[in-house]
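Just below is one structure, and these are the notes that go with it.
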Amino acid sequence: MTASPRTVLVLLDTPADGLRSPARELLTLARSLGDVTALALEAPSETTLADAASYGAGTVLVVDLPGDASVGARLAPVAAEALAAAADRTGADLVLLTSSFVNREIGALAARTLGAGFVYDTSGISLTESGVVGSKRVFAGTWDVECAPTTPRAVLTLRSNSVVAQPVAEPVVPGVEHLAVEPTAAATAAVLVSRTAHATAADQSGRPALAEASAVVAGGRGTLGDFGPVEDLADALGAAVGATRDAVDEGWVEHDAQIGQTGVTIAPRVYVGAGISGAPHHRGGMQASGVVVAVNNDPDSPIFEIADFGVVGDLAEVLPQAAAAIRAHKATQG
Ligand SMILES: Cc1cc2nc3c(=O)[nH]c(=O)nc-3n(C[C@H](O)[C@H](O)[C@H](O)COP(=O)(O)OP(=O)(O)OC[C@H]3O[C@@H](n4cnc5c(N)ncnc54)[C@H](O)[C@@H]3O)c2cc1C
């Protein structure tokens, strides 16, 4: 007996602006699990519709909310009610979201409404004869677990960089359908009055967002405040820049670069930690990374206990050499 394909509903994060990499990765995984409907909580752009086609969504369901949808859909309870209504409309037994902070809240609220099992922050989702299984790394990266919802329906979130986004060979333009949703009074008990976007350091630098980046170069107290070598290596790799709390507290980098228990949780394919001791509070935010590279001038530094590759040396010497070698290698690749 083989696992039956599912009816899958995928929440698109930024339908008005085109899809970002995490949503493409999610659609890639979703289409391996069954027939995919993509859900847009605001009017999708042409780019989004083209992306949905490229990544295998058969239908795009657009939720029509009263008032300004770009504001209303930002409320997690409203988005959750729309997601649950869309799951009922499409008969979806598998509801998938990317693992952003707000999506974990939306997913949990929708799962409660749907009476569905909820698994967040998975790094893989598979179908078995007995049902859907989400794999995830927990307890600061010290355990890998598999979680299987026991309910007929399941809601899961998928972390960035868990899957390589692959467009379909022959995109088919998805059908667009509409669903009107009237949020309950409970969902709108607190409303968002206005939203003002502030450019982050990543926005200004043109580097990828920390939580989504497939490679991260992070600096700590060992930089002594000079993040130049960290940024240079990040740019050579096309990586995001991260930092420890100590580096943030010193005012060397913005708080949005902080990785760890009280900062951003990341799971890039490659993490490079330079001048970082590997304290538990920091590890808690990066230990799900694929390959961990550490550069530290103390051979007894705890970060080497979790590193796949370690370089004992002064980061001010090691990082520029690494950046130069990567650029030279890229040049040979054309
Ligand atoms: C409640 C609480 C929450 C916290 N949350 C977080 C969090 O979210 N994220 C976080 O990161 N921290 C957090 N912390 C702080 C955490 O406990 C550590 O203090 C912090 O991570 C250490 O930062 P660091 O590695 O940069 O500094 P250090 O521990 O001082 O390590 C610096 C390292 O740099 C090396 N070094 C020095 N010079 C060089 C050089 N020239 N070249 C190479 N290596 C060099 C040293 O050998 C050393 O290993 C939290 C703490 C508390 C109490």
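The values are calculated or read from the model by the stated rules, or taken from the named source; none is laboratory data. For clarity, every value in this text was computed on a predicted model and none was experimentally measured. So basically every Cβ, Gly included, is an ideal-geometry build from the backbone, and we count neighbours across all protein chains shown. Only protein heavy atoms, including side chains, enter the accessible area calculation; ligands, DNA and RNA are left aside. Shrake-Rupley method; radii C 1.70, N 1.55, O 1.52, S 1.80 Å.
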Subtract the Cα-Cα distance of R269 and S32 from 0.36 nm times their separation in residues, and report this length gain in nm to one decimal.
83.2 nm
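Sorted by average packing, counted as other Cβ atoms within 10 angstrom per residue and highest first, what order do 171-178, 292-299, 80-87 take?
Details: 171-178: 13.4, 292-299: 19.6, 80-87: 24.5.
Packing order, densest peptide first, comes out as 80-87, 292-299, 171-178.
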Determine the share of the chain's accessible area contributed by carbon and sulfur atoms, expressed in whole percent, with a 1.4 angstrom probe.
53 percent
Over the range 6-180, what is the relative contact order in percent, taking alpha-carbon pairs closer than 8 angstrom and at least six residues apart?
29 percent
Where only protein heavy atoms count, and the probe is 1.4 Å, what is the accessible area per residue for the chain in Å²?
47 Å²
Which residues does the label zone of A279 cover in the range 186-221, counting backbone N under 11 Å from a point 7 Å along Cα→Cβ?
221
If amide H atoms are built 1.01 Å from N in the plane of the peptide, which residues on other chains or at least 5 residues away come under 5 Å of the amide H of Y120?
T157
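Can you compute the charge dipole magnitude of the chain about its Cα centre, using +1 on each Lys and Arg Cβ and -1 on each Asp and Glu Cβ, nothing else charged? Give it in debye, rounded to the nearest 20.
It works out to roughly 560 debye.
Relative to the Cα centre, what is the charge dipole magnitude of the range 201-332, using +1 at the beta carbon of each Lys and Arg, -1 at the beta carbon of each Asp and Glu, and rounding to the nearest 20 debye? Before the final figure, lay out the partial values.
Numbers: 7 positive and 17 negative charges, 85 e Å.
The dipole magnitude comes to about 400 debye.
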Output the peptides 184-196, 137-149, 36-48 sorted from most to least packed, where packing is the average of other Cβ atoms within 10 Å over each peptide's residues.
36-48, 137-149, 184-196
The farthest towards the positive end of the charge dipole of the range 6-180, of the residues N103, V164, W143, given +1 on Cβ of Lys and Arg and -1 on Cβ of Asp and Glu, is W143
The answer for T7, listing residues at least 5 apart or on another chain whose modeled amide H is closer than 5 Å to its amide H, is D93, L94
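Starting from 0.36 nm per residue, how many nanometres of slack lie between F101 and E129 once their C-alpha separation is accounted for?
Extending this stretch completely gives an extra 7.0 nm.
Grab the beta carbon distance between S194 and D249, set R0 = 35 Å, and tell me the FRET efficiency rounded to 0.05. Each step should come with its number before you reach the end.
On the way: r = 31 Å, r/R0 = 0.88.
For S194 and D249, the calculated efficiency is 0.70.
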Hey, for a label at D314 modelled as a point 7 Å past Cα toward Cβ, could you say which residues of the range 281-295 have their backbone N under 18 Å away?
295
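In deg cm²/dmol and to the nearest 500, what is the mean residue ellipticity at 222 nm of the chain if only DSSP H runs of at least 4 residues count, each as -39500 (n - 2.57), divided by the residue total? Let's see the in-between values first.
Working: 10 runs with 94 residues, N = 334.
One gets -8000 deg cm²/dmol as the mean residue ellipticity at 222 nm.
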